[in-house]
Amino acid sequence: MKRIFEVLKEVASRPSGAIGLLLVLLHIAIAICSPWIVPYDFKAISALDILTPPDAKHLFGTDQMGRDVLTRTLLGGREAILVTAIATPIAVFWGGLLGIYLGLVGGRRDDVIMRIVDAFLSLPWILKMLLLIVTFGNGIHVLIPTLAFFYGIPVIRIARAAAHSVVARDYVLAARARGQKRLTIIRRELLPNVLDALMVEGAMRWSWMLLAFSSLSFLGFGVSPPTPDWGLMVADSRTFLPLAPWAGLFPIAFLSSLIIGINMLADALAKTLGVDRAQKAPI
Amino acid sequence: MLKLLFRRIFLGGLTVIIVSMIIFGAVEMLPGDACTALLQQDARGETLKQCQEDLGLNRPAVLRYTDWVGGAAKGDFGLTAHRNKKVSDLVGDRVKNSLLLGLCSLALGLPLAFAMGIAAALKRDRWLDLSVSSLAIVAMTIPEFVSATVLILIFSAWLGWLPGIVTASASSPLSAFFPEIILPVVVLSMVMTAHILRTVRSSMLEVLDSDYVRMATLKGVPYSRMIVRHVLPNALLPAINVVALTVAWLLGGVVVIETVFNYPGLGRLMVSAISDRDLGLVQAIALIVSCVYVTVNLSADILSLLANPRLRTSMGRNS
């Protein structure tokens, strides 16, 4: 716990980390508070104000059904953030543990599971996810496990590689020689060394998951209307975008700022922890 | 060396076989089959049984699997759910269109990515590097539907320079796709350029920091000669694998972009196949896409193995 605070403090001391952290926290705050601060009802249709440009009454204008865009934009990230914020830790947890385990035991089990991992990675994410979503529905109870499962698979690889680099170290050999159980070795010797890589990976997974989630909504397989969602709002606004760009550009700005914020945070985290994901990036 | 090559190829083949099992198994486990898709509401009782008998769906799964794989190996994936078209014909057109989109994007994006990556690395931490790297982060993190929508708004709706939507149908001749293909190609190459240039840049920096480059500088090798002879060959090799991943992604159907631009490629066919529950078509597309992925990555591995002797010792062990 103390370490997390230290890391966060160091992340915040970098310009990109500070901006990223600020953006992410702001979005989380909006997602939590928005039901109490929005000016209108998100499904209140008004035939009189269809596609009105931004003015004092509707700061972000209205959409094709006369609904307030500000209200819907503020509410539009809730389901995306909720789903991805739950699914990311699950994905990193199960993928990380399995990866570390495989890195430790190696041998036949490792070979077999890694081939299956390769097979899953060779299929497009959207095909895998759509098959499940079309069959079982697009509720949160389907989306969370689906995202958590498929986004955990690449984590296996990362965790396995990170574990590989420590498995041959003396202290792991010593622990083995002491006759410690595998679980103890994983918990006491491997996990602390792999945790940094997993934290960075988790931050990246979060942004990719958000990308996937909003793309699913955009394609019409994520959040169901009339629940406001950024991806869905962009999709709905596309046909009359030249006439009423505000209906699409505000959700676009919100979604993009969150994703860029997460990425800046991930990069700053990678640099702080010395994990070479940031690839010596200048910002 | 030869042993290593064969091992790689064997593993690639194994992956494809496992994929075929996963796809077949997944489709088996999902509720519904070809008959329920064909008959819709009428799918019950005698009719359903009769249909399943006609299509051979009541045979054991193992037999149907071997039949399917045997057909697939010959390029025969059977008929679509409505039984009026051959899957291979339907998929063939789409593969051709996806190939066109992918190759155009590569032709635009690859040179751009390498040029920008190399330039950014040579001007490390200066304004050029800063702007290229920031642009790359924006391009690779923003959802594709967002960049596509914004570009359509600017170049098609406001400026009126380019068509914002593809009107050519799936079986149109390739020439019908110009100039409609330009915007989707631009969006795709933006994303791939960002990914590749980041890799090129970081591997360039790694080589520029290395001892042998410092040695060459101390020896007085001219700057341009050092970059061309010592830095580039070593720095560009690691990019092969990223390029391969990008190619696989491009050819595997870029669903979102195809949907935004109404482009008749493999990705949109995949989505409509899943929505229509045309499981035979889904299986065929999944198998093709994963074969492309495996083949492209395998070629990249072999290529870097041939070009870089240092990998020959470690690669065989690590996989």
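Note on A:ASP170 and A:ASP111: the model spin-label points, each 7 Å out from Cα along the C-beta direction, lie 3.3 nm apart. Need one number: the % of Cα-Cα pairs in region B:152-249 sitting beyond the 19 Å mark. Beyond 19 Å sits 61 percent of the P(r) for region B:152-249. At a Cβ-Cβ separation cutoff of 4.7 angstrom, cysteine residues of chain B with no neighbouring cysteine are B:CYS104, B:CYS291.
Each Lys or Arg adds one and each Asp or Glu subtracts one; over the other residues with Cβ under 15 Å from the Cβ of A:TRP246, this totals -1.
The mean of 1/r over all distinct Cα pairs in region B:43-163, once inverted, gives the Kirkwood hydrodynamic radius of 19.9 Å. On a 0 to 90 degree scale, rounded to 10, what angle separates helix A:246-273 from the longest Cα axis of chain A? Rounded to the nearest ten degrees, it is 20. Put simply, the convex hull of the Cα atoms in region B:209-319 casts, on average, a shadow of 10.5 nm².
Using the empirical formula 2.2 N^0.38 Å as the baseline, the Cα radius of gyration of chain A reaches a ratio of 1.17.
Among B:MET29, A:MET129, B:MET226, the order by Cβ neighbours within 10 angstrom, fewest to most, reads B:MET29, B:MET226, A:MET129. The alpha carbons of region A:33-159 stretch over 69, 28, 22 Å along the principal axes, in descending order. Computed from the C-beta positions of A:ALA85 and B:SER275, the FRET efficiency with R₀ = 25 Å rounds to 0.30. Could you give me D for region B:195-244, from Stokes-Einstein at 10 °C and 1.306 mPa s, where the hydrodynamic radius is the Kirkwood radius over C-alpha pairs? Units µm² s⁻¹, please. In µm²/s, the coefficient rounds to 142. With the cut-off at under 19 Å, measuring from each backbone N in region B:264-289 to a point 7 Å along the Cα-to-Cβ line of A:SER224 picks out B:275-277.
Between their Cα atoms, which of A:LYS2/B:LYS123; A:LYS9/A:LYS43; B:LYS123/B:LYS219; A:LYS181/A:LYS271 are more than 29 Å away from each other? Violating the 29 Å Cα-Cα cut-off are A:LYS2/B:LYS123; A:LYS9/A:LYS43; A:LYS181/A:LYS271.
Compute the angle between helix A:191-219 and the longest alpha-carbon principal axis of chain A, please, reported from 0 to 90 degrees and rounded to the nearest 10. The two axes meet at around 30 degrees.
As a proxy for reagent exposure, A:TRP230, B:TRP249 were ordered by neighbouring Cβ count within 10 angstrom, fewest first; the result is B:TRP249, A:TRP230. Rounded to the nearest 10 degrees, the angle from helix A:125-136 to the longest Cα principal axis of chain A is 70 degrees. Could you work out which residue, out of A:GLU79, A:GLU189, A:GLU201, moves most in a Gaussian network model of chain A, that is, has the largest mean-square fluctuation with Cα springs under 10 Å? Comparing A:GLU79, A:GLU189, A:GLU201 in the GNM, the peak value goes to A:GLU189.
If you plug the beta carbon distance of B:ALA176 and B:SER299 into 1/(1 + (r/R0)^6) with R0 = 41 Å, you get a FRET efficiency near 0.85. When chain A is treated as a Gaussian network with alpha carbon springs shorter than 10 Å, the biggest mean-square fluctuation among A:THR73, A:THR239, A:THR84 belongs to A:THR239. From the P(r) of region A:197-283, can you give the percent of Cα pairs sitting at distances over 14 Å? Pairs farther apart than 14 Å: 67 percent.
Quick one: if you take sqrt(5λ) for each eigenvalue of the C-alpha gyration tensor of region A:112-243, what semi-axes come out, biggest first, whole angstrom? Gyration-tensor ellipsoid for region A:112-243: 41, 15, 12 Å. In terms of overall dimensions, the C-alpha atoms belonging to region A:175-246 reach 72, 20, 14 Å along their principal axes, ordered largest to smallest.
Rounded to the nearest 20, the size of the Cβ-charge dipole of chain B about its Cα centre is 1360 debye, with Lys and Arg at +1 and Asp and Glu at -1. For region B:63-119, the ratio of Cα radius of gyration to the globular rule of thumb 2.2 N^0.38 Å stands at 1.80.
When each of A:TRP94, B:TRP68, B:TRP161 is scored by the number of other beta-carbon atoms lying within 10 Å, the sequence from fewest to most is B:TRP161, A:TRP94, B:TRP68. Structure remark: mean-square fluctuation, Gaussian network model of chain B, C-alpha springs under 10 Å; the largest value among B:GLY160, B:GLY45, B:GLY78 belongs to B:GLY45.
Applying a length cut-off of 15 Å (Cα extent along the axis) and a mean Kyte-Doolittle floor of 0.5 to the DSSP H helices of chain B leaves B:2-29, B:87-122, B:127-141, B:182-208, B:239-251, B:279-307.
Taking amide hydrogens as placed 1.01 Å from N in the peptide plane, the amide H of A:THR62 sits under 5 Å from those of A:LEU51, A:THR52, A:VAL69, each at least 5 positions away in sequence or on another chain.
The charge dipole of the protein assembly as shown, taken about the Cα centre with unit charges on the Cβ atoms of Lys, Arg (+1) and Asp, Glu (-1), comes to about 2360 debye, rounded to the nearest 20.
A simple count of charges around A:GLY76, restricted to other residues whose Cβ falls under 15 Å of its Cβ and scoring Lys, Arg +1 and Asp, Glu -1, yields -2. Over all other residues within a Cβ to Cβ distance under 14 Å of A:ILE32, the charged ones net out to 0, with Lys and Arg as +1 and Asp and Glu as -1.
Rounded to the nearest 20, the size of the Cβ-charge dipole of chain A about its Cα centre is 1280 debye, with Lys and Arg at +1 and Asp and Glu at -1.
Along the axis of the charge dipole computed for chain B (Cβ charges of +1 for Lys and Arg, -1 for Asp and Glu, origin at the Cα centre), the listed residues B:THR193, B:ALA273, B:TYR223 are led at the positive end by B:TYR223. Placing pseudo-labels 7 Å out from each Cα toward the beta carbon at A:ARG182 and B:SER210 gives an inter-label distance of 3.8 nm. Sorted largest first, the principal axis extents computed over the alpha-carbon atoms of the protein assembly as shown equal 74, 68, 55 Å.
Every number in this text was worked out from the coordinates using simple rules, so none of it is lab data. Because the structure is predicted, anything quoted here is derived from the model rather than measured. Quick reminder, even Gly has a Cβ in these numbers, built from the backbone with ideal geometry, and neighbours come from all protein chains shown.
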